[in-house]
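Here the structure is laid out as structure tokens; the discussion comes afterwards.
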């Protein structure tokens, strides 16, 4: 499949395919859908960064790496745009395509409308716990793992809530927090214990001198 280098050389994927003999409009459906989805994703990322100029920045590493969002706290948020694939009893279903390098990060999931031309709904998920593509519906329990984002103005707030919930549910993070608390309490008590132990030694020395 032609990639980014073809776009640089020929201007677009459509031009590249035309040059190798693919001129039927139906052959460009998947290409056009991918371009439109990527465009919606990039527009969403830029829109969020502009809404929070002091709190959110865009990470662009180039090459095969996709753009990501980084909060001022250092937290990375990935963005996935899920296309609607079919109607089941007049209800939309979406196909989510996980990205291997991004699965562990908090993810903003944007669900497109029936025409896949605009965003229908958004959710912030703690991560993507699937390795391969999967389908979801609006009333599916999988979405309850995170929080719904009804307005972009709430982006930082919702991400923070998801991060707190993620930490509280992680056994590793909980154990690390517990160890830190024990360490702090021990360090606070230990000087008092050492001072108590030293006092008898001083008294013994003074008693020997008096004798």
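The values are calculated or read from the model by the stated rules, or taken from the named source; none is laboratory data. Just so we're clear, the structure is a prediction, and the values are computed from it rather than from any experiment. Quick reminder, even Gly has a Cβ in these numbers, built from the backbone with ideal geometry, and neighbours come from all protein chains shown.
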Query raised in the report: Picking from 98, 126, which residue would you name as being modelled with pLDDT of 95 or more, over 20 Å from residue 156 (Cα atoms) and surrounded by 15 or more Cβ atoms within 10 Å (Cβ to Cβ)?
Result: 98
Query raised in the report: So residue 41 fits all but one of (1) surrounded by 15 or more Cβ atoms within 10 Å (Cβ to Cβ); (2) part of a strand (DSSP E or B); what number is the exception?
Result: (2)
Report task. Please enumerate the residues belonging to segment 101-118 that are buried (at least 16 other Cβ atoms within 10 Å of the Cβ) and outside any loop (DSSP other than H, G, I, E, B). Result -> 102, 106, 107, 108, 109, 110, 111, 112
Requested in this report: Quick one: residue 78 ticks every box in (1) assigned to a helix (DSSP H, G or I); (2) in contact with a helix residue (DSSP H, G or I) (Cβ under 8 Å, 6 or more places away or on another chain); (3) closer than 22 Å to residue 163 by Cβ except a single one, so which number is it?
Outcome: (1)
Requested in this report: Being under 24 Å from residue 154 (Cβ atoms) and either in contact with a helix residue (DSSP H, G or I) (Cβ under 9 Å, 6 or more places away or on another chain) or without any contact (Cβ under 8 Å) to a residue 12 or more places away in the chain (or both) is the filter here, so list the residues in segment 60-71 that pass it.
Outcome: 66, 67, 68, 69, 71
Query raised in the report: Of the residues that make up segment 154-168, is at least one touching a helix residue (DSSP H, G or I) at 6+ places or on another chain (Cβ under 7 Å) and modelled with pLDDT of 95 or more?
Result: yes
